[in-house]
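Asks: The structure that follows is given in the form of structure tokens.
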Amino acid sequence: MSGKRILLIVSGGIAAYKALELVRLLRRETIAVRAVMTESAKEFVTPLSLGVLTEDHVYGNMFDLKEESEIGHIQLSREADLIVVCPATTNIMAKMAAGIADDLATTILLATDKPVLAVPAMNVRMWHHVATQRNLTQLRADGIHVMEPDSGGMACGEWGKGRLPEPEVVAAEIRHLLAVRPEPVEGLSFPPGGSLAGRHVLVTAGPTHEPIDPVRYIANRSSGKQGFAIARAAADAGARVTLVSGPVALPTPRGVTRIDVETAREMSAAVEAALPADIAFMVAAVADWRTDAEAVQKIKKSGATPAPLALVENPDILAALGKHPERPRLLVGFAAETERIAEHAQAKLARKGADWIVANDVSGDVMGGEANAVQVVTAQGIETWDRLPKDAVAHRLIEKAVNVLAAD
Ligand code: CTP
């Protein structure tokens with residue numbers, strides 16, 4: 001049991017529903033959560049849903065005699081190790097920066113001496129507004145931890161910075177602030193003394209983009225989520241982590257060195273430059289082919305027949321590591337398959353000189369999704385894992401890697 005408690009303040013934005021998932025993740029790590037909602041938050045999620053997940057009363061009314069007599073608003077912050085405002089709207093950030101206390105949530109925030117984490121979520125133009133940025137600077141100067149929002153598509157149909165980071169990322173930040181070691185699912189845990197401290201873990205993630213001309217490229221549907229989850233889990237286990245990432249819209253996990261690349265050849269060079277490594281997880285969906293020469297000008301469609309694309313094969317980064325003089329002690333490849341999963345994975349294990357191939361069926365919603373059902377193929381046989389959240393798959397893989405290194 002972590003024995004840690006957080007007070008979660010949910011303010012009113014469309015991302016409030018993600019607070020429910022956050023509570024679920026924290027409870028799984030035995031972090032107790034007590035929740036406070038602003039009036040507008042109740043327009044987005046109900047106190048009932050939050051109450052069911054926290055298994056506690058949800059507080060919201062400053063002038064509710066029963067709530068006051070039961071616990072009192074000062075007590076709410078006193079018993080918490082950390083106060084988390086998630087999502088933090090631009091409105092509550094403004095009130096916090098100005099020291100306004102006009103409801104239960106803001107009164108607690110003004111009355112507390114506990115560390116506070118704010119997780120902003122708002123429309124892109126609100127985020128970039130000079131007033132929001134001024135408040136952000138003030139909050140940070142006041143010692144409030146403010147997470148960077150994610151970039152991507154928004155509920156309002158716009159695209160840009162302002163999305164709430166994924167609940168797993170928020171949970172990792174909370175763990176970090178509470179100094180709680182991650183508790184892997186289903187009772188598994190890192191063996192004592194078997195962490196990855198002093199080890200270098202190299203991870204590739206995301207797709208690669210292979211340019212056709214100045215405006216077009218060949219790509220694939222990889223989101224980078226599984227690779228980023230592995231990088232995060234390795235860092236949580238104490239490793240030094242280098243994450244070589246293709247173009248993705250994901251924030252860099254805490255404590256991870258990220259190298260952004262675009263093409264397979266750039267990824268290959270970045271991997272080479274990052275060696276030596278104790279463990280390499282090659283999670284990237286590397287494009288197998290690139291055009292033989294990138295057109296300098298945009299290719300025009302005029303002409304009777306469509307212009308054929310002359311393709312050449314990209315370097316196989318995993319296979320090159322498999323026979324590299326500085327081959328990592330543990331070399332793990334991934335195999336995205338749509339049929340005869342285990343059979344193809346076994347062939348890849350031999351062909352690429354890897355120790356494990358983590359095979360997944362990508363004919364469903366795996367690419368871009370939150371969960372993954374994998375088969376881990378090794379020289380010893382095949383393990384079939386249940387469908388798990390990608391962070392849980394990551395923790396299990398890291399745990400398995402810790403055991404391999406510990407047995408050396
Ligand atoms: N991989 C790599 N470099 C490449 C292609 C693949 O490092 N040029 C790695 C991937 O990161 C993954 C593994 O090899 O760990 C398997 O990738 P996958 O695309 O499934 O295999 P391919 O070799 O491309 O085989 P195929 O497309 O024929 O299934």
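The values are calculated or read from the model by the stated rules, or taken from the named source; none is laboratory data. No experiment lies behind these values; they were computed from the predicted model shown. Don't worry about glycine lacking a Cβ; one is built from the backbone with ideal geometry, like all the others, and counts go over all protein chains shown. Ligands, DNA and RNA are excluded from the accessible area calculation, which covers all protein heavy atoms including side chains. Shrake-Rupley method; radii C 1.70, N 1.55, O 1.52, S 1.80 Å.
Asks: Given the criteria small (Gly, Ala, Ser) and more than 28 Å from the chain's Cα centre (by Cα), does GLY353 qualify? Break it down stepwise before answering.
Replies: Details: small (Gly, Ala, Ser): yes; more than 28 Å from the chain's Cα centre (by Cα): yes.
So GLY353 fits the description; yes.
Asks: Inspect all residues belonging to segment 291-304 and state whether any of them is open to solvent by 60 Å² or more (accessible area, probe 1.4 Å), at pLDDT 85 or above and either within 8 Å of the ligand (Cβ to nearest atom) or on the phi > 0 side of the Ramachandran plot (or both).
Replies: no
Asks: To continue, here is another question. Between a first residue in segment 18-31 that is on the phi > 0 side of the Ramachandran plot and a second residue that is charged (D, E, K, R), which pairs have beta carbons less than 9 Å apart while being 6 or more apart in sequence or on different chains?
Replies: That search, which allows pairs on different chains as well, returns THR30/LYS4; THR30/GLU183.
Asks: I've got another one for you. PHE190 fails exactly one of the following numbered conditions: (1) modelled with pLDDT of 85 or more; (2) crowded, with 16+ Cβ neighbours inside 10 Å. What is the number of that condition?
Replies: Checking PHE190 against (1) modelled with pLDDT of 85 or more; (2) crowded, with 16+ Cβ neighbours inside 10 Å, the one that fails is (1).
Asks: Considering only residues of segment 198-212 that are open to solvent by 20 Å² or more (accessible area, probe 1.4 Å) and not charged (D, E, K, R), which is nearest to ALA237 (Cα to Cα)? Break it down stepwise before answering.
Replies: Going through segment 198-212, the residues open to solvent by 20 Å² or more (accessible area, probe 1.4 Å) turn out to be 198-199, 209, 211-212.
Now restrict to residues that are not charged (D, E, K, R): 198, 209, 211-212.
Details: GLY198: 10, HIS209: 31, PRO211: 37, ILE212: 40 Å.
Among those residues, the one meeting the criterion is GLY198.
Asks: Would you confirm whether or not segment 310-320 contains a residue that is away from the ligand (no atom under 16 Å from the Cβ) and modelled with pLDDT of 85 or more?
Replies: We begin by selecting, within segment 310-320, every residue away from the ligand (no atom under 16 Å from the Cβ); these are 310.
With modelled with pLDDT of 85 or more added as a condition, the list becomes 310.
The answer is yes, given that some residue of segment 310-320 is away from the ligand (no atom under 16 Å from the Cβ) and modelled with pLDDT of 85 or more.
Asks: On to the next question. For segment 239-282, which positions are within 16 Å of ALA320 (Cβ to Cβ), in a loop (DSSP other than H, G, I, E, B) and within 15 Å of the ligand (Cβ to nearest atom)? Please lay out each step first, then the result.
Replies: First, pick out the residues of segment 239-282 that are within 16 Å of ALA320 (Cβ to Cβ): 244, 261, 263-277, 280-282.
Going one step further and asking which of them are in a loop (DSSP other than H, G, I, E, B), we end up with 261, 263, 275-277.
Result: VAL261, THR263, LEU275, ALA277.
Asks: Cβ-Cβ under 9 Å, sequence separation 6+ or interchain: first residue in segment 341-364 and at pLDDT below 95, partner assigned to a loop (DSSP other than H, G, I, E, B) and basic (Lys, Arg). Which pairs?
Replies: Filtered contacts from segment 341-364: VAL362/ARG221.
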